[in-house]
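These notes concern the structure reproduced below.
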Amino acid sequence: MSRGVWMRLLLLLATAGITVPASAPDPMFGMISSPGYPVSYPNETESEWSLKVPQGYRVQLQFSYFEIEPSQRCIYDSLEVFTEGTSLGVFCGTVNGVLGNYPGDQLLISQNNSMNLKFKSDFSNEEEYVGFLAHYKAIDIDECSQTDGEDSICDQVCHNSLGSFFCSCRRGYKLQADGKSCEAQCEEFFDQVSGHLSSPEYPSAYPTKLSCNYSIRVESGFAISLEFVPPFDIEDHYEVHCPYDQLTVQYRNTQVGPLCGKVNPEPIDTQSNAVDIIFNTDGSGDNRGWKLFYSTDRIRCPDLMSVEHGTIAPWQDHYWYLDHVTYTCDVGYKIMQGEQELKSFAMLCQGDGSWDKGLIPTCQLTDCGVPEILPNGRFQTLTSSSVRNGYLSEIKYSCNERYQIETQGSGQYTCSMSREWMNNVVGVTIPYCAPVCGKPDHPLNRGTARIFGGSLAPPGSVPWQAFLTDRSRGERAGGVLLGDRWVLTAAHVFQPKGKARPSQEEMRRLRVYLGGTSVRRLVSGEGVPVELVHLHEGYDGLSEQYAHDLALVRLGRRVTLTEEVVPACLPPTAASALYAPALLGYVSGWGVTQDNRLADKLHYVGLPVAEQGECARAMERAQQAGRGGGSGGQRLSVTRGMFCAGTGLGLRDSCQGDSGGGFVVHQPESDSWFVTGIVSWGLGCGKEDTYGVYTRVSEYRDWIDNIMTTA
Ligand code: 4AZ
């Protein structure tokens, strides 16, 4: 055990409160002398001294005076000096004597801080020897020059001081708790943008039993790169990988190493702002270690893949912290992030080396959506594309049977960049499927059928024929379907002669039935409600005259055209050919037949157009003669807005209940049926020398068009 350890132990005992005899501090010097000095010492005496100086010092003794009876080996009288139980010498003799062992100026030094002396005299002191006077003092011990067994007292550097010593360590080492050992100080922290680090003592052999951790930490957004500087030399084994000493580099979730051997490792691009370098060594070895240079650069985000049908700006092979990119799609493509469409897309390379957007968008073909449904029509896809209804897809609208496209342009639409179905003539407006007029599937045979004196109309032969009734009153009238939403009829159906003008509400009580020939069957159906009735403004119900006996009914909904529901065509304004005398037309209805009963089945009759002047005169004559239903009041006259039809021979005619129904003419050029007249009035039914009088529809073409287009 070294002195230092002893001292520490005592100190420990003292601080631990173990009782050490409380006494005055040991002196730094002193003086002793033989008994009786400076008079001769007595016979037969024995004296002992125990000299003590403070800890960490030794006792140095020197005689100022010495005179003890000389004898061979000092067997008579003597002073013996001890240190730690061993003798430093037995002294006797005088200054010039030859006998004995005279100490002279000799310095006697103890091994520790105490020295023992023992004086003894025998039975005689005849020469009156005086004895001795000695001075002692505390002298410092140079612990640093001592050894503790094989090892020196301190691992590295020893400092001696008065009464003590202390150890210290070289740069890069740390003094351990034992106050003596030095261990490499290799818990180091680096936060500069670049720097060097190496194993302790590099390029000299690194110490044993190291457990080093070098931490490099730089600002977020920056990445650390490591480059090893040769020589690289870490103890290795030819069979087992790095069994003794190991260098490991750790960052993020990555570990490089353990590294060892003599081959300089490849540079490491960590892409991290936090790197730890761990170096462990075992208890032996003589290798030079390692050194590396670290530098930083902006952290890199994952490389981007190019986008199909789009661009990334700016386009670079690599992107670093704070770089940002914008995605755009080619014309006709939209930016999609998953299922969601985006207006724009940009992203930023963040400090942790990740992009701030998780999901990279794709460019998908612009989609115009499913084309709008065309009422009474359909569409057909012309292009075959992977993306249905995608950009530049083409469709073509067409109308169902009995309808015709009424818009300019071919009905062909292309999915545009603005994601709308676009026609080059009409733009985004979809076509209109207009009902085809005057084309029944089963036209009437132009024969000699009758109504009053007529015949049954086969189903679908007069498909524009409407049945109007107000079931509560049990009255009935006819009408003619125009388009798919209008019915042309007579004004007197709503405002019979002598009655005031009814309100819309009253007029709306009428229901319209289409698509059948049997009243019973028709009225068992739902019918079509009336939305609004336009009575001709010139029609005067209170007068006896039938001038302008015309009404237009707007239906509550469009009707679907079928085999038995087809509109009639309207005659043009200048349509004299359709009113040529003797031209055969047909009138139809569920009115009174020749057996004086209302019909259940639709009847029709073919009648020639009468010459206007002849008709007017005939009707005048008939009224003069009091024939046919004249009320005896005002004479009814045939005016411009009317025309007559009939043979003048009687029997074949329209009659009560047929009012409002159409007088239709087939035009061979267009193979279409035109409603030239509306059943208006007559003087009885089927009487000789009279005619049926009809509203001349061509006269009212402007009025009709005006209402039908503005409503
Ligand atoms: C009527 O009472 C009626 N013969 C309509 C037409 C004719 C006669 C009467 C023509 O509604």
Subject >> Hits among aspartates and glutamates - C-alpha to C-alpha of Lys118 under 16 Å, sequence gap 8 or more where chains match >> reply: Glu44, Glu46, Glu48, Glu67, Glu69, Asp77, Glu80, Glu84
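Roughly to the nearest percent, how much of the accessible area of segment 131-273 is carbon and sulfur, given a 1.4 Å probe?
Carbon and sulfur together cover 47 percent of it.
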Subject >> Sites matching trypsin sites (Lys or Arg not before Pro) across segment 112-187 that sit in DSSP coil, with at most 12 neighbouring C-beta atoms within 10 Å >> reply: Arg171
Original post:
Taking R0 as 51 Å, what's the FRET efficiency between Ala274 and Ser161 from their Cβ-Cβ distance, rounded to 0.05?
Top reply: 0.70
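To the nearest 20 Debye, how big is the dipole of segment 275-407 about its Cα centre, given +1 on the beta carbon of each Lys and Arg and -1 on that of each Asp and Glu? Can you show the working numbers first?
Details: 11 positive and 18 negative charges, 59 e Å.
Roughly 280 debye, rounded to the nearest 20.
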Subject >> Surrounding net charge for Ser410, when Lys and Arg each add one and Asp and Glu each subtract one, Cβ distance under 12 Å >> reply: 0
Original post:
Which of the lysines could a cross-linker bridge to Lys343, judged by Cα under 19 Å and excluding same-chain residues fewer than eight apart?
Top reply: Lys334, Lys357
Subject >> Furthest towards positive pole of dipole, Ser659, Gln623, Ala184, structure part the chain, Cβ charges >> reply: Gln623
Original post:
What's the carbon and sulfur percent of segment 455-707's accessible surface, probe 1.4 angstrom, rounded to a whole number?
Top reply: 47 percent
Original post:
For segment 425-438, what does the Karplus curve 6.51 cos²θ - 1.76 cosθ + 1.60, with θ = phi - 60°, yield as ³J(HN,Hα) per residue in whole Hz, taken in order and with x for Gly and Pro?
Top reply: 9, 9, x, 8, 5, 7, x, 10, 8, 8, x, 7, 9, x
Subject >> With DNA, RNA and ligands ignored, accessible area of Met417 (1.4 Å probe; Å², nearest 10) >> reply: 120 Å²
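With the cut-off at 31 Å, tell me which of the pairs Lys497/Lys601; Lys439/Lys497; Lys180/Lys262 have Cα atoms farther apart than that.
Beyond 31 Å: Lys439/Lys497; Lys180/Lys262.
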**OP:** Arrange the peptides 53-66, 96-109 so that the one whose residues have, on average, the most other Cβ atoms within 10 Å appears first.
**Re:** 53-66, 96-109
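Might you report the magnitude of the Cβ-based charge dipole of segment 104-241 about its Cα centre, with Lys and Arg at +1 and Asp and Glu at -1, to the nearest 20 debye? Show your work: numbers first, answer last.
Working: 9 positive and 24 negative charges, 89 e Å.
So the dipole magnitude of segment 104-241 works out to roughly 420 debye.
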Subject >> Debye, to nearest 20: dipole size of segment 515-661, +1 on Lys, Arg Cβ, -1 on Asp, Glu Cβ >> reply: 140 debye
Subject >> Whichever lysines have a C-alpha closer than 18 Å to that of Lys174, once near sequence neighbours (fewer than 8 apart) are set aside >> reply: Lys209
Subject >> Computed Kirkwood radius, in angstrom, where 1/r is averaged over Cα pairs of segment 460-504 >> reply: 11.9 Å
Subject >> Protection proxy ranking of 377-383, 520-526, 672-678, 579-585 - average other beta-carbon atoms within 10 Å, highest first >> reply: 672-678, 579-585, 377-383, 520-526
Original post:
In angstroms, what radius of gyration and Dmax does the chain have, counting Cα atoms only?
Top reply: 67.3, 214
**OP:** Putting +1 on Lys and Arg Cβ atoms and -1 on Asp and Glu Cβ atoms, find which of His159, Tyr206, Ser87 reaches farthest to the positive end of the dipole of segment 71-213.
**Re:** Tyr206
**OP:** Find the accessible area per residue for the chain; the probe is 1.4 Å, ligands and nucleic acids are left out, and the unit is Å².
**Re:** 51 Å²
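What number, in percent, do you get for the relative contact order of the chain if the mean sequence gap of Cα pairs under 8 Å and at least 6 apart is divided by its residue count? Don't skip to the answer; put the middle values down first.
Details: 1770 pairs, mean separation 52.5, N = 711.
About 7 percent, as a whole number.
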Original post:
Along the charge dipole of the chain, Cβ charges K/R +1 and D/E -1, which of Gly606, Ser110, Val528 sits furthest on the positive end?
Top reply: Gly606
Original post:
Expressed in nm to one decimal, what extension gain is obtained for the pair Glu227 and Gln408 from 0.36 nm per residue of sequence separation less their Cα-Cα distance?
Top reply: 57.5 nm
**OP:** Give a quick list of trypsin sites (Lys or Arg not before Pro) in segment 282-364 that DSSP marks as loop, anything other than H, G, I, E or B, with at most 16 other Cβ atoms within 10 Å.
**Re:** Lys343, Lys357
**OP:** Kindly provide the GluC sites (Glu not before Pro) of segment 95-157 that DSSP labels as loop, not H, G, I, E or B, and whose Cβ sees at most 16 other Cβ atoms within 10 Å.
**Re:** Glu126, Glu127, Glu128, Glu150
Original post:
What is the extension gain from Glu614 to Asp303, computed as 0.36 nm multiplied by their sequence separation minus the C-alpha to C-alpha distance, in nm to one decimal?
Top reply: 102.1 nm
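The values are calculated or read from the model by the stated rules, or taken from the named source; none is laboratory data. Keep in mind it's a predicted model, so treat the numbers as computed, not measured. Cβ coordinates were reconstructed from backbone atoms using ideal geometry, including for glycine residues, and neighbour counts include every protein chain displayed. Surface accessibility is based on the protein's heavy atoms, side chains included, excluding ligands, DNA and RNA. Shrake-Rupley method; radii C 1.70, N 1.55, O 1.52, S 1.80 Å.
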